Amino acid sequence: MGKAMRKLFALAAGTTAAWALAIRPRTSGKPDMSEIRKYDFADRGYYNIRKKVPENSLPAFQAAVDHGYGIVMDVRLSRDGVPVIFRDSRLWRVCGGEGTVENTLWQKLKEYRLSGTEESIPSLGEALKLVDAQVPVLLKLNTEMDNYGVLCARVCEVLDSYDGVFAVESFDYRAVKWFKDHRPEYIRGQMMERHVKHGGTELNPVQDFVRFNLLTNFLASPDFISCNLADRRTVSLLFCRLLYRVQTMDWTVRSMEEYELVKTDESIVVFEDIEP
């Protein structure tokens, strides 16, 4: 083997080793995820707008509890620092309002109605009081304007007194790392998808590549990877499962064919518009 070839092999080996370390999740001192693995999770609650049960509403969460499903709740921070349950930053799609959650005071947010119903935006505290530890809850933390630190801290103020089973997750590795540093006992997950591929515009190509390939895992040490169903065959995720046996979670499952695929793969199901 020539000198050039040896250098090439050495470079390839070094790159592979660095990549394997970069995608490494938490491997020691992991919290128990057995209770979460027992459940399928209703995305934004078991909502049905045809029955006037809007997404991320208290009736949607009650319906999930009644059916024995875990619940995925989208958490954002109001202008005055209240963790609220709402998927989008902008109020228009669900409430028909102007502005964003992050720039609106909690008292004003409570005046909006969800999807033309009489239901209002719930706070995290109200939602968890309703669930009352009956099923596991997965909190998806949506960070805006670099507010991840304040958001995580305010969420913890609620979670620290909650007795139920829960986990936290985010696309923002800084939020996941915050929990690593400040609440290592919490179950935490890194979300991933090919952002640009699915129409996103918030990330540049480099950021998209790094997040999609889990290259911040070594910083955040997640306990599970939550991935877009369409992106579940990415090389980094497959090798993360192979090398480290990391738990995966697939969203959003919308058919029984997809449901069976995910369950057969021993991944956790996050679903909507079906009844598993």
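The values are calculated or read from the model by the stated rules, or taken from the named source; none is laboratory data. On a predicted model such as this, the values are computed, not experimentally measured, just so you know. All Cβ positions, even for glycine, are placed from backbone atoms using ideal geometry, and neighbour counts span all protein chains on display. Quick note on the areas: whole protein, heavy atoms, side chains included, nothing else; ligands and nucleic acids left out. Shrake-Rupley method; radii C 1.70, N 1.55, O 1.52, S 1.80 Å.
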Open item on the list: With the crude spin-label approximation of a point 7 Å out along Cα→Cβ, what separation in nm comes out for GLU98 versus LYS3?
Closed with: 7.1
Open item on the list: Give me the Å³ per residue figure for the convex hull around the C-alpha atoms of the stretch 44-203.
Closed with: 117
Task: Extension gain, ASP160 back to ASP181 (0.36 nm per residue minus Cα-Cα distance, nm) - done: 6.0 nm
Task: Estimated 222 nm signal from helices in the chain, with DSSP H stretches of n ≥ 4 weighted -39500 (n - 2.57), rounded to 500 - done: -10500 deg cm²/dmol
Task: Added length on full extension, which subtracts the Cα-Cα distance from 0.36 nm per residue, ASP273 to LYS38 - done: 82.6 nm
Open item on the list: For the full complex of protein chains and a 1.4 angstrom probe, list SER28, SER236 by accessible area with the highest value first.
Closed with: SER28, SER236
TODO: Provide the per residue accessible area, probe 1.4 Å, for the chain, rounded to a whole number of square angstrom.
DONE: 49
TODO: Name the long-range amide H neighbours of VAL253: under 5 Å, sequence gap of 5 or more, or other chain; modelled H, no Pro or chain starts.
DONE: VAL270, PHE271, GLU272
- [ ] For the stretch 178-276, run through the GluC sites (Glu not before Pro) and keep only the ones in DSSP coil with at most 11 other Cβ atoms within 10 Å of their Cβ.
- [x] GLU185, GLU202, GLU266
- [ ] For LYS263, list the aspartates and glutamates whose Cα falls under 13 Å from its own Cα; do not include residues on the same chain fewer than 8 positions away.
- [x] ASP40, ASP250
Task: Residue-count net charge about GLY164 - beta-carbon cut-off 12 Å; Lys, Arg +1, Asp, Glu -1 - done: -2
Open item on the list: Within 11 Å, Cβ to Cβ, of ARG26, how many net charges do the neighbouring residues add up to if Lys/Arg are +1 and Asp/Glu are -1?
Closed with: +3
Open item on the list: Need the list of lysines near LYS110 for cross-linking: C-alpha distance under 28 angstrom, and skip anything on the same chain fewer than eight residues off.
Closed with: LYS51, LYS52, LYS129, LYS140
- [ ] Set the Förster radius R0 to 30 Å, insert the Cβ-Cβ distance between ALA22 and ASP146 as r into 1/(1 + (r/R0)^6), and round the FRET efficiency to 0.05.
- [x] 0.85
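Which loop GluC sites (Glu not before Pro) in the stretch 100-151, with loop taken from DSSP, have no more than 13 other Cβ atoms within 10 angstrom of their Cβ?
Those that pass, being in a loop and sparsely packed, are GLU111, GLU118.
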- [ ] Can you check what the net charge comes to around THR104, using other residues whose Cβ is under 11 Å from the Cβ of THR104 (Lys, Arg +1; Asp, Glu -1)?
- [x] +1
Task: Heavy-atom accessible surface of the chain: percent carbon and sulfur, 1.4 Å - done: 53
- [ ] Please label the shape of the chain as rounded, prolate or oblate, based on the square roots a ≥ b ≥ c of the eigenvalues of the alpha-carbon gyration tensor (a/c under 1.5 means rounded; beyond that, a/b larger than b/c means prolate, else oblate).
- [x] prolate
Task: Long-range amide H partners of VAL168 with built H, under 5 Å - done: LEU139, ILE187, ARG188, GLY189
Open item on the list: So if a site counts as exposed when it's one of the trypsin sites (Lys or Arg not before Pro), its DSSP state isn't H, G, I, E or B, and it has at most 10 other Cβ atoms within 10 Å, what's the longest stretch of the chain without one?
Closed with: 1-232
Open item on the list: Could you give the length gained by full extension between VAL235 and GLU258, i.e. 0.36 nm per residue of separation minus their alpha carbon distance, to one decimal place?
Closed with: 6.3 nm
